[in-house]
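A short worksheet on the structure shown next.
Rule-based calculations on the coordinates, nothing more; no lab input. The structure presented is a predicted model; accordingly, all values stated were derived computationally and were not measured. A quick note on method: Cβ atoms are made from the backbone with ideal geometry, for glycine too, and the neighbour counts reach across all protein chains shown.
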Amino acid sequence: MANGLKTALLLGLLTGLFLFLGDRLAGQNGLAIALVVSALMNFVSYFFSDRIALAMYRAQPVTRQELPRVYEVVERLTGRIGLPMPKIYVIPSESPNAFATGRNPAHASVAVTQGILNLLDNEELEGVLAHELGHVRNRDILISSIAATIAGAVTWLARMAYYAELFGFGGGSGEGGRRRGGALSALFMLILAPVAAMLIQLAVSRSREYEADHTGAEFTGNPFALARALKKLDAYSRRIPMMGTPSTAHLFIVQPLLGVDFSSLFSTHPPIAKRIERLTGRPMDLI
């Protein structure tokens, strides 16, 4: 499915959630308010989801003078493949990781952690940056950023519905008892919130990582450099987990562990070993 259609579907999902909860909690008045709020949220999701993601991780913009190592690589790659130069950010975290965000190639940003700069050599760093530019070239960045915003909104909406129903707020005229639903219904919605957020992430993440790996390797002509980088990132991110949120985990080149083992069916990323084998045709332990 094209990324443009996926974006429209996700924004439609966000609108539907607001309208459903507005009607459930406050009847016709709630529906009208939810319509206004959903329009505002759609606008924010489309134009500002990248800034929200960057702000969540305290990413700071850097200049060429401050980070010539990254600028030189990105300028060389973007010149070779015909992409505009993205903005460069550094995240003040020792956990090695990186992500790209933005609504299109002309409004893209690439963020790297301080940890990844300390860990990787120049070839490996080039492989990671090429992977992120692969997301930009493949136009994954808008759908990723919007999915992060919507995943957070889903959880927030369900928690609001939980407290509203728990404390007896809501209900329309004439149908208050039916609409209220009680604490059991609210608790069910609270449980479903992270599940819904996870499904959104899974819908947009796993295959895209394989595609960005392949595209990045084509950009550099050196798949083994990216493979070595992925192997290092996998090992060191387990030692120093990224302190982030589940709703934005799919943005990163490797799964932020958040202190928990996510190596299950519900991980937002394919296993590193499989990614390396697809890149090089060799098992990870031979890289």
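Dividing the Cα radius of gyration by the Kirkwood radius, what Rg/Rh value follows for segment 40-153?
Radius of gyration over Kirkwood radius for segment 40-153 works out to 0.96.
Pop the C-beta distance of R69 and F43 into the FRET formula with R0 = 35 Å and round what comes out to the nearest 0.05.
0.45
For S38, S207, what's the fewest-to-most ordering of other Cβ within 10 Å of each Cβ?
Numbers: S38 20, S207 10.
Fewest to most other Cβ atoms nearby, the residues stand as S207, S38.
When the chain is fully extended, how far beyond the present Cα-Cα distance does A32 get from R76, taking 0.36 nm per residue of separation? Before the final figure, lay out the partial values.
On the way: separation 44, 0.36 × 44 = 15.84 nm, distance 5.06 nm.
Difference between extended and current length: 10.8 nm.
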